[in-house]
1. Quick check on my filter: what residues within region 271-286 are in a loop (DSSP other than H, G, I, E, B), on the phi < 0 side of the Ramachandran plot and not aliphatic (A, V, I, L, M)?
2. Evaluate the following for Ala183: is it among the small types (Gly, Ala, Ser) and closer than 15 Å to Arg246 by Cβ?
3. From Val29, Val21, Val46, which residue is surrounded by fewer than 18 Cβ atoms within 10 Å (Cβ to Cβ), β-branched (Val, Ile, Thr) and within 20 Å of the chain's Cα centre (by Cα)?
4. Looking at Arg200, Arg181, Arg175, can you tell me which residue is buried (at least 24 other Cβ atoms within 10 Å of the Cβ) and in contact with a helix residue (DSSP H, G or I) (Cβ under 8 Å, 6 or more places away or on another chain)?
5. Quick check on Ser95: is it over 29 Å from Val21 (Cα atoms) and surrounded by 13 or more Cβ atoms within 10 Å (Cβ to Cβ)?
6. Keeping to region 52-80, report how many residues are under 23 Å from Arg341 (Cα atoms) and in contact with a Gly (Cβ under 9 Å, 6 or more places away or on another chain).
7. Can you pull out every residue in region 120-146 that is out of contact with any Lys or Arg (no Cβ under 8 Å at 6 or more places or on another chain), outside any strand (DSSP E or B) and surrounded by fewer than 14 Cβ atoms within 10 Å (Cβ to Cβ)?
8. Just checking, which of Leu291, Leu330, Leu323 is touching a Lys or Arg at 6+ places or on another chain (Cβ under 7 Å), over 30 Å from His12 (Cα atoms) and of a type in the set (A, V, I, L, M, F, W, C)?
Amino acid sequence: MTPPALAFRIEHRDGDARAGVLETAHGAVETPAFMPVATYGAVRGVAPDELAAAGAQILLANTYHLHERPGEDVIAGLGGLHGFTGWRGPWLTDSGGFQVTSLSDKVRVDEEGVTFASPVDGRRRMLSPERVVAVQEALGSDIAMVLDECVRPDPDGDALRVQAATERTLRWAERSQRAHRRADQWLFGIVQGGASLSLRRQSARAMRELGFRGFAHGGLGLGEAAAQRDELVAQSHAELPGEAPRYLMGLGRPVDLIRAIALGVDLFDCVLPTRHARHGVLFTSRGLVRLKNAEHASAGDPPDPDCDCATCARHSRAYLRHLLRAGEVLGARLASIHNLRFYLRLLERARDAIRAGRLAALRAEVEALVA
C-alpha cells in the first residue's frame with residue numbers, strides 16, 4: 001500500500017504544462033520546481049536559512065560524492081541528510097551514475113555495475129544498482145534515483161552502444177526496484193536513449209511497465225539542440241503515465257526550463273546559477289550581467305532593480321564587482337543568493353502563469369532575454 005505521505009497531484013494545466021504538488025515525507029513541493037544543487041550536502045557558500053529565504057523547497061545532493069565522503073553511515077548516524085545538513089525540507093539524491101560514468105578513462109561499466117578508482121584514496125570501488133539504492137536509503141533522501149548508464153545524445157555516435165546502455169539502464173532499474181525497501185522514499189526510474197526517438201520511447205514505455213511512480217529524463221542538456229531535446233522529451237512523455245511526476249536532470253538555462261515546463265516537466269536541477277555567480281555572471285530581468293566588466297565599476301544600482309532577493313535589497317553592482325575582483329568569498333555568496341532567487345522566482349512565476357493560463361506570455365518574455 002502506498003504511504004499517504006507520497007503523492008503527486010496536478011492542480012492546474014496550461015496546454016501540456018502542469019502546476020501541482022509533490023508530497024514527500026518531509027513536506028510538500030509545489031511544482032514545477034527548481035532544486036538548488038547541494039552536491040556534498042551544501043549549496044556552495046549558501047546556508048539553509050538563506051536558501052529557504054530565496055524560495056528553495058527541495059535540494060539535490062549527489063549519492064556518489066557523499067558515499068565517498070563522509071560516507072552514508074556517518075550521515076545516517078547523524079539523522080540522515082536532514083539531520084546532518086540542517087536542511088529539514090525534502091532532499092533528492094541522484095544516483096551518481098552520470099558522475100561516475102563521465103570519468104570514462106577511470107571507470108569500467110558492466111552488467112554488475114560501475115567500477116571506478118576513488119578520487120579520495122585511489123582505491124577501486126564498485127557501485128551496483130542495489131548498492132546505490134542502499135546508499136540513498138541510508139542517506140534518507142525523500143526522492144532517490146536508480147543507477148543508470150548515461151550516454152550523450154550524439155546522433156553521429158555509436159548506435160549499438162547507445163542501445164546497449166539504454167537496455168542496461170532498464171535492467172538496472174528493475175534490480176533497483178527489487179532492492180528498494182523504504183516506503184517513505186520515492187524511487188524514480190530514468191529514461192535514457194541518447195538522441196534516438198525510438199529508444200527514448202521504448203525506454204519510457206519499459207520504465208512505465210516496471211511500475212515506477214516517478215520518472216526522470218537522463219542524458220539530456222548535454223549540448224543537443226533545444227528543438228531536438230524538446231522532441232525527445234515530448235515523445236517520452238507520450239509513453240509515461242500522465243499523473244506521475246517528471247524530472248529533467250541537469251538542465252540548464254532559464255529559457256530551457258521554460259521550454260521544458262511547457263512540455264510538462266515538473267522538476268529541475270542545475271549548477272548553472274551558482275557556477276555563473278562564482279564567475280560574476282548574474283541572471284537578471286534585463287538579461288545577463290557580467291559584473292567583472294568595467295562598466296559596473298561605479299554602478300550604484302542593484303544587480304537587478306526588479307529582484308526581491310537579499311543581495312539586490314542591500315548591495316550595488318559596484319560592490320559585488322569589487323568583492324569578486326578582490327577574491328572575497330562574500331562576492332560569490334551574494335551573487336549566488338541572487339542567481340538562485342532569480343531561478344526560484346522564475347519557477348514561482350511559471351506556477352502562477354500556469355494557474356492563470358498565461359505560460360506562453362512568460363515563455364515569450366524569457367525567450368526575448370536571450371534573443
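1. Result: His279, Ser285, Arg286.
2. Answer is no for this residue.
3. Val21
4. Arg200
5. It is false that Ser95 is over 29 Å from Val21 (Cα atoms) and surrounded by 13 or more Cβ atoms within 10 Å (Cβ to Cβ).
6. 7
7. Asp121, Gly122, Arg123
8. Matching residue, one of Leu291, Leu330, Leu323: Leu291.
Every number in this text was worked out from the coordinates using simple rules, so none of it is lab data. The structure displayed is predicted, hence computed values, not measured ones. Positions of Cβ are generated from backbone atoms using ideal geometry, with glycine treated the same way; all protein chains shown enter the neighbour counts.
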